[in-house]
Amino acid sequence: MEKKLPKIDSSVQVRRNQARNIYFEKALREEQKGDFRKALEFYRMSLQLDTQFFDSWLNAGAIYSRQGKTKKAIECYQRALSSRIDKRVCYNLASEYFKIGSYEESKKLLNSAIKSDHRFLQAHLLLGYVFGKLGENEKSEISIKNALKIDPTNQPAMTALALLYYHTSRPELALRYINILLQRNPGDVTIGRLLANIELDRGSTRASIKALKEIAAQDPKLKSFYSSISESIPEKQLSDIRSQKNQKENIKNKTAKDFFDLSLLAMFDGEPDKAMEYLLAASGDARH
């Protein structure tokens, strides 16, 4: 005869659940304070009392994901999914698989998440990226548009569609979304670069450089990059660069080459705004 496992006394089970919940609450407090090491310790303690405790597996997976420990995040999400089918876990696990290039696994999980909630915008959007990685551009477009049906103003979805249209050689369609995005956020560096690339591909050098100039004005990281270049140049060499720049600036009838030289010299001198101005002038004088 098959042996029956002994039943746990209900009062014992209640106490175990109470202790489990106490550890879980402590983990949450430590996580809110930013002490992820302690949080993980308390999540582990709660799971020792209940190996099927969904919330602890889910939260521990999120911490490992934040720390870039994809393998551990996957293990936690898989354990969470084994205890409960949940759209959040499907999406989180799909995101981890996406990171490591397991696109087919990611696709299955995202379809499962969407099946349980047809208005799960982030799942539609990530599925669009998955199809893009698989080279299925038509399906990618459909998935991204499904996300936009849920929220027509969603910026990541519009950005994804603009990028898709650009990479599939449909610049006019890309520009529709680029213009909307730049109206809402003129400082969007990604979209600004995309616009510059499209203009360059179309042969509009001046418009491309203008877009790059606007990026430089909005992006403090780019300005600090230019500054760091000048700081790394020895003082004597920097003095020579400034002397050459002054000589070029005093030329009355500058050619396109003069402006390009000035742009390069201004970049080395840590002047990003001037570098872009000279580039813009060079494109306007390119006929010489």
- Query: Do you know which of the residues in region 112-144 that are more than 18 Å from the chain's Cα centre (by Cα) and farther than 21 Å from ARG88 by Cα is surrounded by the most Cβ atoms within 10 Å (Cβ to Cβ)?
  - Reply: GLU141
- Note on the structure: Within region 46-102, the count of residues that are among the aromatic types (Phe, Trp, Tyr), buried (at least 20 other Cβ atoms within 10 Å of the Cβ) and closer than 21 Å to ARG16 by Cα comes to 2
- Residue pairs qualifying under the 7 Å Cβ cut-off, at least six apart or on distinct chains, with the first in region 18-44 being more than 17 Å from PHE54 (Cα to Cα) and the second being of a type in the set (Phe, Trp, Tyr), are GLU30/PHE42
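The numbers here are math on the coordinates, done by the rules we state, and not lab data. Note that the coordinates shown come from a computational prediction; the quantities given were computed from them, not determined experimentally. Reconstructed Cβ throughout: ideal geometry from the backbone, glycine too, with neighbour counts over all protein chains shown.
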